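**Student:** Have a look at this one.
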Amino acid sequence: MTSVINSYPKTCDIFCTVVDNYGDIGVSWRLARQLANEHDIRVRLWVDDLRSFAKLCSEANAVLDEQCCRGVEVRHWGKAFPAVKPAGLVIEAFACKLPESYVEAMGAQAHKPVWLNLEYLSAEEWVDGAHRLPSPHQRLPLVKYFFFPGFTGKTGGLLLERDLLARRDAFQADPVAQQAFWESVGMPERMKGDLRVSLFSYENKAVADLLEAWAQGATPIVCCVPEGRVLPQVAAFFGEASFDKLRTNGVDTWQRGNLRVQVLPFVEQERYDELLWACDVNFVRGEDSCVRAQWAGKPFVWHIYPQHDGVHMQKLQALSTLYGKGLSEKAYQANENMWLAWNGDGDIASAWQAYAAQRIELDHHARAWVDQLEDNNLALNLLDFFSQVGRIRAF
Ligand code: TRH
């Protein structure tokens, strides 16, 4: 898709409320950095929970109302919203509700901002038809557009930094860089024939059975678990009631049979990418880590964000079907059964065995999948859409 560079916005406000976890702020922060650093746009990121933000950005100060981090102006979005001039491009992340005073100010601008609701990611077919749909404001002369990330050319694509794949390739071709990474997170050197797995997930009923299958399996497995919600279950598997107790005793590695588990600190987004690049298989969750695992070009197992009405299983199925195109029947089934079992539908031990047996094909497929996706760049699509809306208004 061609870009109309000189009609890109000069300023952008991104609004983010943290529902729970790190996905909302993770995506917003990634997009903010990309617009600021790759497209020279003055970006203000408004976030209601600076503590969550500070987990993703080490230079952030969780008590500062205003600060500049990596070229982005980060503002605390508190109850009393200040009177500010709206930006040319306004992005509300995941349908968070903009401050009323800000919307009024948007409506009062001579040149109305382009207003987008950046939606959640889904591989479901209906997204193709919903992407870019307008939603006129009931009272003010403003139109909000739905902007859907996605996997097909009819969606807004995925967030991908300009140099990410080149950095990934350089890292994956460089054993010294990989060894330096493992050392930096306190991990031992790789042994020939061992399998490195990262495990980022929600609480999950299948954890104990999977760990048991790994412990009893023929392949030595080193599993890296970033600190987070699944850790108490992992600790319980090793017979420890509380993870906190373990940390105070300075223990962060467990071994049973052929399985070694190492707890990793929650690292910055860039370093999390390196973990994904360095592992052979990645267990990821939610939205953003799932996309990053895809860019890693490695097989991945997705723990989808659970929704009360169970609709998440349709989303899971939709990505499994799309992702699996081009796989042999056996590998397709192995991948799908593994995803299903990890999300509570099926026997995880046998699913893992079948999955591991297909690893060579799944490896190749993961690289080919990246080739299919990389030209559909969300930030570029979003800026092109901004230009198109601007041109339509000019007539
Ligand atoms: O944290 P999540 O579970 O977020 C979820 C989902 O986005 C979900 O769709 C949304 O509805 C819900 O929140 C409210 O998973 P996700 O999306 O993978 O976000 C995790 C972020 O944390 C991602 O940007 C990667 C980052 N991360 C690090 O920076 N360092 C780490 O060590 C780890 C493990 C993750």
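The values are calculated or read from the model by the stated rules, or taken from the named source; none is laboratory data. Everything quoted here is computed from the prediction, not taken from an experiment. Cβ coordinates were reconstructed from backbone atoms using ideal geometry, including for glycine residues, and neighbour counts include every protein chain displayed. Areas reflect the complete protein model, heavy atoms only, side chains present, ligands, DNA and RNA absent. Shrake-Rupley method; radii C 1.70, N 1.55, O 1.52, S 1.80 Å.
**Student:** Could you tell me how many of the residues in region 180-229 are of a type in the set (S, T, N, Q), part of a helix (DSSP H, G or I) and under 16 Å from Asp252 (Cα atoms)?
**Tutor:** Qualifying residue count, region 180-229: 1.
**Student:** Also, quick follow-up: Can you tell me which residues in region 156-189 are open to solvent by 60 Å² or more (accessible area, probe 1.4 Å) and among the polar types (S, T, N, Q)?
**Tutor:** Ser184
**Student:** Can I ask one more? Out of (1) within 17 Å of the chain's Cα centre (by Cα); (2) crowded, with 21+ Cβ neighbours inside 10 Å, the odd one out for Tyr355 is which?
**Tutor:** (1)
**Student:** To continue, here is another question. Criterion first (in a helix (DSSP H, G or I) and open to solvent by less than 10 Å² (accessible area, probe 1.4 Å)) does Ala334 satisfy it?
**Tutor:** yes
**Student:** Taking strands (runs of 3 or more DSSP E) that do not extend beyond region 1-95, which have at least 2 residues that are crowded, with 16+ Cβ neighbours inside 10 Å and away from the ligand (no atom under 16 Å from the Cβ)?
**Tutor:** 11-16, 42-47, 72-76, 89-93
**Student:** Can you report the number of residues in region 96-108 which are over 28 Å from the mean Cα position of the chain (by Cα) and open to solvent by less than 40 Å² (accessible area, probe 1.4 Å)?
**Tutor:** Final tally of qualifying residues: 5.
**Student:** Within region 121-143, track down each residue that is away from the ligand (no atom under 16 Å from the Cβ) and β-branched (Val, Ile, Thr).
**Tutor:** Within region 121-143, Val143 is the sole residue that qualifies.
**Student:** I would also like to ask the following. If Phe395 satisfies all but one of (1) at pLDDT 95 or above; (2) surrounded by fewer than 16 Cβ atoms within 10 Å (Cβ to Cβ), what's the number of the condition it fails?
**Tutor:** Phe395 satisfies all of (1) at pLDDT 95 or above; (2) surrounded by fewer than 16 Cβ atoms within 10 Å (Cβ to Cβ) except (1).
**Student:** Are there helices (runs of 4 or more DSSP H) fully within region 244-328 with at least 1 residues that are among the charged types (D, E, K, R) and either in contact with a helix residue (DSSP H, G or I) (Cβ under 7 Å, 6 or more places away or on another chain) or open to solvent by 60 Å² or more (accessible area, probe 1.4 Å) (or both)? List them.
**Tutor:** Fully inside region 244-328 and qualifying: 269-278, 288-295.
**Student:** Any idea which of (1) surrounded by 18 or more Cβ atoms within 10 Å (Cβ to Cβ); (2) away from the ligand (no atom under 16 Å from the Cβ); (3) closer than 20 Å to Pro299 by Cα is the one Asn204 doesn't satisfy?
**Tutor:** Only one criterion in (1) surrounded by 18 or more Cβ atoms within 10 Å (Cβ to Cβ); (2) away from the ligand (no atom under 16 Å from the Cβ); (3) closer than 20 Å to Pro299 by Cα is unmet by Asn204, namely (2).
**Student:** Next question, about the same structure. For region 100-130, which positions are touching a helix residue (DSSP H, G or I) at 6+ places or on another chain (Cβ under 9 Å) and not aliphatic (A, V, I, L, M)?
**Tutor:** Once the filter is applied, which keeps residues that are touching a helix residue (DSSP H, G or I) at 6+ places or on another chain (Cβ under 9 Å) and not aliphatic (A, V, I, L, M), region 100-130 yields His111, Lys112, Pro113, Trp115, Glu119, Tyr120, Ser122, Glu124, Glu125.
**Student:** Within region 214-236, identify whether any single residue is over 24 Å from Ala341 (Cα atoms), open to solvent by 40 Å² or more (accessible area, probe 1.4 Å) and either modelled with pLDDT under 95 or more than 16 Å from the ligand (Cβ to nearest atom) (or both), and answer yes or no.
**Tutor:** Among the residues of region 214-236, not one is over 24 Å from Ala341 (Cα atoms), open to solvent by 40 Å² or more (accessible area, probe 1.4 Å) and either modelled with pLDDT under 95 or more than 16 Å from the ligand (Cβ to nearest atom) (or both), which makes the answer no.
**Student:** List the number of the failed condition for Trp342; all other conditions in (1) aromatic (Phe, Trp, Tyr); (2) within 13 Å of the ligand (Cβ to nearest atom); (3) surrounded by 23 or more Cβ atoms within 10 Å (Cβ to Cβ) hold.
**Tutor:** Of everything listed in (1) aromatic (Phe, Trp, Tyr); (2) within 13 Å of the ligand (Cβ to nearest atom); (3) surrounded by 23 or more Cβ atoms within 10 Å (Cβ to Cβ), Trp342 misses just condition (2).
**Student:** While we're on this one: Given the criteria open to solvent by 10 Å² or more (accessible area, probe 1.4 Å) and of a type in the set (Val, Ile, Thr), does Ile348 qualify?
**Tutor:** It is false that Ile348 is open to solvent by 10 Å² or more (accessible area, probe 1.4 Å) and of a type in the set (Val, Ile, Thr).
**Student:** For region 315-349, which residues satisfy the criterion of being in contact with a Ser or Thr (Cβ under 9 Å, 6 or more places away or on another chain), more than 19 Å from Ser198 (Cα to Cα) and in contact (Cβ under 8 Å) with a residue 40 or more places away in the chain?
**Tutor:** Those that are in contact with a Ser or Thr (Cβ under 9 Å, 6 or more places away or on another chain), more than 19 Å from Ser198 (Cα to Cα) and in contact (Cβ under 8 Å) with a residue 40 or more places away in the chain: Lys315, Ala318, Leu319, Leu322.
**Student:** Here's a follow-up. Is it fair to say Glu119 is open to solvent by less than 40 Å² (accessible area, probe 1.4 Å), in the same structural domain as Asp48 (by TED's automatic domain parsing) and modelled with pLDDT of 95 or more?
**Tutor:** yes
**Student:** For a quick check of your reading of the model, give me the residue pairs whose first member lies in region 193-209 and is free of Cβ contacts under 8 Å to residues at least 60 places away in the same chain, whose second is within 11 Å of the ligand (Cβ to nearest atom) and open to solvent by 10 Å² or more (accessible area, probe 1.4 Å), with beta-carbon atoms closer than 9 Å and at least 6 apart or on different chains.
**Tutor:** Pairs that qualify, where the first residue is free of Cβ contacts under 8 Å to residues at least 60 places away in the same chain and the partner is within 11 Å of the ligand (Cβ to nearest atom) and open to solvent by 10 Å² or more (accessible area, probe 1.4 Å), are Glu203/Arg229.
**Student:** If I filter region 358-374 down to residues being touching a residue at least 40 places away in the same chain (Cβ under 8 Å) and open to solvent by 30 Å² or more (accessible area, probe 1.4 Å), which single residue comes out as nearest to the chain's Cα centre (by Cα)?
**Tutor:** Checked region 358-374; the qualifying residue nearest to the chain's Cα centre (by Cα) is Glu374.
**Student:** Something else about it: What are the residues in region 271-292 that are near the ligand (Cβ under 9 Å from one of its atoms) and on the phi < 0 side of the Ramachandran plot, if any?
**Tutor:** Within region 271-292, Arg271, Tyr272, Asp273, Leu275, Val284, Arg285, Glu287, Asp288, Ser289, Cys290, Val291, Arg292 qualify.
**Student:** Can you say whether Val185 is in contact with a Pro (Cβ under 8 Å, 6 or more places away or on another chain), under 30 Å from Ile221 (Cα atoms) and assigned by TED's automatic domain parsing to the domain that holds Leu319, as far as the supplied structure shows?
**Tutor:** yes
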